Amino acid sequence: MDNIRLRKLKIEDKERLLEFADNEKISINLRDGFPHPYTEKDAERFLSNVVNNLQDQIFAIEYNGIYVGNISLIKCSDVYRKSAEIGYLLDEKYWNKGIMTRAVDLICEYGFREMDLVRIYTGVFEYNIASQKVLERCGFVKEAVFRKSIFKNGKIWDEIRYAKFKENETYRGSGGNHCSRGKDTLC
């Protein structure tokens, strides 16, 4: 899917972010730090933090030129400095089109090549089967189940931990380099 690219987020993304982020079907799969309802103030605060943060790698996902979601690699520190946690969300209108699978592939390639990572990991709530399938399609392996570790919407859930490692990485496509860097474009 060459019609997907990752780019820096901009303050001007606020209106589009508000269109898709205020959705309980999205927030139910994210940590409680992602509010529902998602307000204009939430969008302003998030975009301001991202635009002014030079350390965390948080990007917009564009599909056919439309901003449809976010994806991030948050690098760990100290003895974990060669690892990063991946996180993502996608406008519900664009689910089940392979967009997130491609975006995860792109950001993993970026993390291994440009951030010198050796491990990218995440935790998924047990009921988020779609996210588990995305990760598995992208070469992530299930590392652990943290039983009864999540309290979300009044219920206790398991968290499933996935990871992908640099030494296992093979890049899809011709020559393996999908990233073309412009001023504001990651891939």
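The values are calculated or read from the model by the stated rules, or taken from the named source; none is laboratory data. Keep in mind the model is a prediction, meaning the values are calculated, not measured. Cβ sites come from the backbone with ideal geometry, for glycine too, and all protein chains shown count toward neighbours.
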query: What are the residues in segment 106-130 that are among the β-branched types (Val, Ile, Thr) and either at positive phi or assigned to a strand (DSSP E or B) (or both), if any?
result: 120, 122, 124
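Report the residue count in segment 52-105 for those that are of a type outside the set (A, V, I, L, M, F, W, C) and assigned to a loop (DSSP other than H, G, I, E, B). First the steps, then the outcome.
Initial filter on segment 52-105 (of a type outside the set (A, V, I, L, M, F, W, C)): 52-53, 55-57, 62-65, 67, 69-70, 72, 75, 77-78, 80-83, 85, 87-88, 91-94, 96-98, 101-102, 105.
Add one more test, that the residue is assigned to a loop (DSSP other than H, G, I, E, B), and what stays is 53, 55-56, 64-65, 77, 81-82, 91, 96-98.
Looking only at that region, the number is 12.
Per-residue answers, yes or no, for (1) outside any helix (DSSP H, G or I); (2) buried (at least 16 other Cβ atoms within 10 Å of the Cβ); (3) touching an Asp or Glu at 6+ places or on another chain (Cβ under 8 Å); (4) charged (D, E, K, R):
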position	(1), (2), (3), (4)
2	yes, no, no, yes
7	yes, yes, yes, yes
12	no, no, no, yes
15	no, no, no, yes
19	no, no, yes, yes
25	no, no, yes, yes
35	yes, no, yes, no
42	no, yes, no, yes
48	no, no, no, no
- request: Among the candidates 121, 80, single out the residue that is in contact (Cβ under 8 Å) with a residue 24 or more places away in the chain and of a type in the set (Phe, Trp, Tyr).
  value: 121
- prompt: Which pairs do you get when a residue that is within 22 Å of residue 51 (Cα to Cα), found in segment 1-30, comes within reach of a residue that is among the acidic types (Asp, Glu) and crowded, with 17+ Cβ neighbours inside 10 Å, reach meaning Cβ atoms under 8 angstrom, with the pair 6+ apart or on two chains?
  reply: 4/62; 5/62; 6/62; 7/62; 19/91; 20/91; 21/42
field: segment 60-101: number of residues that are hydroxyl-bearing (Ser, Thr, Tyr) and closer than 22 Å to residue 47 by Cα
entry: 5
message: All but one of (1) at pLDDT below 95; (2) part of a loop (DSSP other than H, G, I, E, B) hold for residue 167; state the number of the condition that does not hold.
response: (2)
- request: Just give me the residues in segment 100-119 being closer than 16 Å to residue 59 by Cα and either acidic (Asp, Glu) or touching a Cys at 6+ places or on another chain (Cβ under 8 Å) (or both), in sequence order.
  value: 101, 104, 105, 106, 107, 108, 109, 110, 114
task: Taking the residues in segment 120-134 that are under 12 Å from the mean Cα position of the chain (by Cα) and not aliphatic (A, V, I, L, M) as candidates, determine which candidate is farthest from residue 73 (Cα to Cα).
output: 131
- prompt: Within segment 135-149, is even one residue within 24 Å of residue 63 (Cα to Cα), surrounded by 15 or more Cβ atoms within 10 Å (Cβ to Cβ), modelled with pLDDT of 95 or more and among the basic types (Lys, Arg)?
  reply: no
- request: Could you tell me whether residue 129 is closer than 21 Å to residue 23 by Cα and free of Cβ contacts under 8 Å to residues at least 12 places away in the same chain?
  value: yes
